[in-house]
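Notes for the one structure printed next.
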Amino acid sequence: DDKKRMITLCMKELGIDEKRLAPRAVADAISRAKDALVLPDDYDVTSDPRTAHVKDVYRLYDNRMMANNALDFDDIIMKTVELLRDNAEVRSYYPNKFRHVLVDEYQDTNYAQFVLTTLLSDKHRNIMVVGDDDQSIYKFRGATIENILNFDKIYSDAKTIKLEQNYRSTSNILGAANSVIKNNKDRKGKELWTDAGNGEKLLLKTLPTQLD
């Protein structure tokens with residue numbers, strides 16, 4: 001709410017009509033920019049005429065936040081990355097403080113989180129990530145599937161361990177899931193299996209609404 005209020009004030013100051021450009025849309029655009037570590041001056045304004053307004057709001061919003069000594073949620077990572085990048089003393093201290101780095105749900109990480117974990121683990125390269133590329137569903141929140149797909153290319157000495165045994169489902173369910181998910185283009189191959197037996201056959205029904 002504080003973020004939306006600040007953005008609304010910035011838009012009023014810049015004379016931008018809320019009916020033509022919703023504050024929520026501006027907030028989401030600024031959030032995506034911070035997830036990608038894009039500063040106001042580097043914000044791309046070529047994709048849509050409205051992006052020029054977003055850039056103006058982003059710049060003013062950033063100045064207002066600094067003037068109030070405030071951070072929003074996305075700044076927590078973005079400013080930490082900037083600190084590690086720009087301050088040699090900080091950059092030398094924290095990789096020794098955190099000698100091992102573990103990241104869970106790695107398929108849902110964004111670019112800023114990737115850079116943060118890289119900076120923290122670059123010295124000792126003791127990084128372990130856990131994730132499932134087939135469960136990457138948060139692209140709309142800024143998640144970058146390439147983080148997990150390219151992990152073993154960036155860390156060429158990494159060991160990959162596939163956890164393919166499933167303990168929740170039966171063979172019929174897993175067989176259907178495997179046959180569907182294998183059609184995804186961007187994924188690492190794996191074949192889920194279980195020793196829980198075949199179970200009941202699947203029933204496919206088409207209904208007009210989700211409530212039905």
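The values are calculated or read from the model by the stated rules, or taken from the named source; none is laboratory data. Keep in mind that what you see is a predicted model, and the values were worked out from it rather than measured. No Cβ is skipped: glycine too gets one built from the backbone with ideal geometry, and neighbour counts run over all protein chains shown. The protein model used for the area step is the full one, side chains on, heavy atoms only, and it has no ligands, DNA or RNA in it. Shrake-Rupley method; radii C 1.70, N 1.55, O 1.52, S 1.80 Å.
Details
- Considered as a group, the residues in segment 90-104 that are at pLDDT below 95 and either within 22 Å of Glu146 (Cβ to Cβ) or of a type in the set (D, E, K, R) (or both) include one that is surrounded by the most Cβ atoms within 10 Å (Cβ to Cβ), and that residue is Arg91.
- Segment 110-130 residues that are more than 22 Å from Lys159 (Cβ to Cβ) and among the hydroxyl-bearing types (Ser, Thr, Tyr), paired with ones that are open to solvent by less than 30 Å² (accessible area, probe 1.4 Å) and part of a helix (DSSP H, G or I) (beta carbon under 9 Å, 6 or more apart): Tyr111/Asp35; Tyr111/Asn147
- Test for Asn147: is it in a helix (DSSP H, G or I), under 19 Å from Met128 (Cα atoms) and touching a residue at least 12 places away in the same chain (Cβ under 8 Å): yes
- Some residue of segment 8-18 being surrounded by 12 or more Cβ atoms within 10 Å (Cβ to Cβ), at pLDDT below 95 and not aliphatic (A, V, I, L, M): yes
- Residue that is nearest to Thr117 (Cα to Cα) [pool: residues in segment 138-151 that are surrounded by 13 or more Cβ atoms within 10 Å (Cβ to Cβ) and of a type in the set (S, T, N, Q)]: Asn147
- Residue within segment 70-85 that is among the acidic types (Asp, Glu) and surrounded by fewer than 12 Cβ atoms within 10 Å (Cβ to Cβ) present: no
- Subset of segment 152-173 that is at pLDDT 95 or above and outside any loop (DSSP other than H, G, I, E, B) - its residue that is most open to solvent (accessible area, probe 1.4 Å): Ile173
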